[in-house]
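Let me begin by presenting the structure, written as structure tokens, before commenting on it.
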Amino acid sequence: NVPLKENGEVTDDFRIRATLPTMQYILAQGAKLVVMSHLGDPEGVYDERLSMRRVKEKLTEHLQVAVEVARDCIGKEIEEKTKNMKEGEVLLLENLRFHKEEEENDRSFSEALAKFGDVYVLDAFGVLHREHASLVGVPKILPSFGGLLLKKEIEGLQKLLENPLHP
């Protein structure tokens, strides 16, 4: 989730850059990378202004790999795309929140998302508290791991808890 200008341009790509080490690590292992995310809160309705196509350019620029944006985040077309991907390719799924089932933590939506991968990696510390299908449901279906950004965030919190700074 990144801030956008009215024209759809990403105004701050900090969150994209923060997740790069995990994505680069996955790609370096010879994997195919399917990226799931959200943008804004379209409340389960398609909104062109919140399409992940807005993020594609920045993600491509930073990964230095062509990133394809799917027309949706579930369905037969996406299943075919993911099956036909080659090692090192990146597919960015369309905004998960275009489906109300995402925020409802719908089991069938989680199952539909889980069809696209063999392993789930979570790197979205800022939304861990949400009970959304992509955050709670998919990890119940696929082997799941925390990404490098998540590890960094947890280590930072541990330092604060174990050895807090005092005035």
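For this structure, a couple of remarks:
- Sequence-distant aspartates and glutamates (8 or more away, or on other chains) whose Cα lies within less than 17 Å of residue 152: 123, 162
- Axial C-alpha extent at least 18 Å, average Kyte-Doolittle at least -1.0 - helices from the chain (DSSP): 14-28, 148-162
- Sequence-separation-based contact order of the chain, relative, with Cα cut under 8 Å and 6+ spacing, percent: 22 percent
- Backbone amide hydrogens, once placed in the peptide plane, bring residue 2 within less than 5 Å of 40, excluding anything fewer than 5 places away on its chain.
- For the pair residue 107 and residue 140, label points projected 7 Å from Cα toward Cβ lie 0.7 nm apart.
- Convex hull projection area averaged over all views, segment 19-69, Cα basis, nm²: 3.9 nm²
- Under 13 Å from the Cα of residue 140 - aspartates and glutamates, other chains or at least 8 residues apart: 106, 111, 118, 131
- Protein heavy-atom surface of the chain, 1.4 angstrom probe: 51% of the accessible area is carbon and sulfur, with nucleic acids and ligands not counted.
- Between residue 61 and residue 11, full extension at 0.36 nm per residue minus the direct alpha carbon distance yields a gain of 16.5 nm.
- Taking the convex hull of the alpha carbon positions in segment 65-141 and averaging its projected area over all directions gives 5.2 nm².
- Which label in (i) 25, 19, 18; (ii) 39, 16, 15; (iii) 29, 23, 12 gives the computed semi-axes √(5λ) of the Cα gyration tensor in Å: (i)
- Among 13, 72, 118, residue whose mean-square fluctuation peaks in a GNM of the chain (springs only between Cα atoms under 10 Å): 118
- Proximal lysines relative to residue 86, as straight alpha-carbon distance under 16 Å, when same-chain residues fewer than 8 apart are discounted: 32
- In loop segments of segment 1-60 as defined by DSSP, the GluC sites (Glu not before Pro) with at most 14 further C-beta atoms inside 10 Å of their C-beta are 6, 9, 43.
- Extension gain, residue 154-residue 76: 0.36 nm per intervening residue step, less the Cα-Cα distance, totals 24.4 nm.
- The chain, accessible area per residue, ligands and nucleic acids excluded (1.4 Å, Å²): 61 Å²
- Per-residue ³J(HN,Hα) for segment 46-52, Karplus 6.51 cos²θ - 1.76 cosθ + 1.60, θ = phi - 60°, Hz, x for Gly and Pro: 4, 9, 3, 5, 10, 6, 5
- Length, then width, then depth: along the principal axes, the Cα atoms of segment 21-109 run 35, 26, 21 Å.
- GNM flexibility winner over the chain from 38, 62, 99 (Cα, springs under 10 Å): 62
- In nm, spacing of pseudo-spin labels at residue 43 and residue 84 (7 Å Cα→C-beta vector): 3.7 nm
- Sites count as exposed loop sites when they are trypsin sites (Lys or Arg not before Pro), lie in a DSSP loop, and have at most 12 other Cβ atoms within 10 angstrom; the longest stretch of the chain without one is 87-167.
- Between amide H atoms placed 1.01 Å from N, distances below 5 Å from residue 123 occur with 147, all of them 5 or more places distant or on a separate chain.
The values are calculated or read from the model by the stated rules, or taken from the named source; none is laboratory data. Bear in mind that the values here come from a model prediction, so they are computed numbers and not experimental data. For neighbour counting, all protein chains shown are included, and Cβ atoms are generated from backbone atoms with ideal geometry for every residue, glycine included. The accessibility values were calculated without ligands, DNA or RNA, using every heavy atom of the protein model including side chains. Shrake-Rupley method; radii C 1.70, N 1.55, O 1.52, S 1.80 Å.
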